[in-house]
């Protein structure tokens with residue numbers, strides 16, 4: 001059995017058309033099955049991990065082995081973890097599912113393709129902005145950085161301006 005792509009290809013060499021070729025798959029079924037199994041196993045493992053962390057935290061709090069402050073830190077950690085897990089699913093897996101659905105159903109829509117490419121492209125930026133917003137230490141560092149670089153008017157005495165100007169002129173002439 002020859003592969004349809006090779007037999008109907010105008011650029012395929014004659015020796016390629018008559019040679020015996022081992023073709024693993026001709027359709028998308030194998031690739032789609034592997035992708036679906038991978039995504040489902042990843043999602044199930046992730047859900048079990050989140051449930052275990054939540055259950056363990058609740059058990060420690062109930063047995064008074066965890067302080068209220070530590071519990072608050074765990075809550076912040078869980079919300080940050082969920083946000084950091086939702087972003088890749090929204091920006092990478094969502095567009096992949098849309099494109100695969102388009103390929104499987106032989107439905108071509110340029111708008112879906114454009115939004116998918118834009119979403120995948122923005123993944124890094126969205127992740128970075130989310131990290132800066134979610135984590136308090138990053139948020140405070142960014143605020144401090146903008147505070148340092150803000151343009152604030154300060155009074156400088158005229159004599160100091162004059163001496164700096166004269167010093168600059170003298171340094172360039174010598």
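The values are calculated or read from the model by the stated rules, or taken from the named source; none is laboratory data. Note that the coordinates shown come from a computational prediction; the quantities given were computed from them, not determined experimentally. Cβ sites come from the backbone with ideal geometry, for glycine too, and all protein chains shown count toward neighbours.
Tabulated data
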{"quantity": "Condition broken by residue 136, with the remaining ones in (1) at pLDDT below 85; (2) in contact with a helix residue (DSSP H, G or I) (Cβ under 9 Å, 6 or more places away or on another chain); (3) within 30 Å of residue 39 (Cβ to Cβ) satisfied", "calculated": "(3)"}
{"quantity": "Single condition residue 106 does not satisfy, out of (1) in contact with a helix residue (DSSP H, G or I) (Cβ under 8 Å, 6 or more places away or on another chain); (2) modelled with pLDDT under 85; (3) under 30 Å from residue 35 (Cβ atoms)", "calculated": "(1)"}
{"quantity": "Options 92, 100; residue that is under 30 Å from residue 138 (Cα atoms) and assigned to a helix (DSSP H, G or I)", "calculated": "92"}
{"quantity": "Residue match in the range 144-156 (condition: surrounded by 10 or more Cβ atoms within 10 Å (Cβ to Cβ), within 28 Å of the chain's Cα centre (by Cα) and either modelled with pLDDT under 90 or part of a helix (DSSP H, G or I) (or both))", "calculated": "yes"}
{"quantity": "Positions within the range 126-143 being free of Cβ contacts under 8 Å to residues at least 24 places away in the same chain and within 12 Å of the chain's Cα centre (by Cα), in sequence order", "calculated": "128, 129"}
{"quantity": "The range 108-125 residues that are surrounded by fewer than 10 Cβ atoms within 10 Å (Cβ to Cβ), paired with ones that are modelled with pLDDT under 95 (beta carbon under 9 Å, 6 or more apart)", "calculated": "108/102"}
{"quantity": "Scan of the range 57-82 for residues that are surrounded by 15 or more Cβ atoms within 10 Å (Cβ to Cβ) and in contact with a helix residue (DSSP H, G or I) (Cβ under 7 Å, 6 or more places away or on another chain), ordered by number", "calculated": "57, 61, 66, 74, 80"}
{"quantity": "Residue in the range 19-28 that is out of contact with any strand residue (DSSP E or B) (no Cβ under 7 Å at 6 or more places or on another chain), part of a helix (DSSP H, G or I) and either at pLDDT 75 or above or surrounded by 12 or more Cβ atoms within 10 Å (Cβ to Cβ) (or both) present", "calculated": "no"}
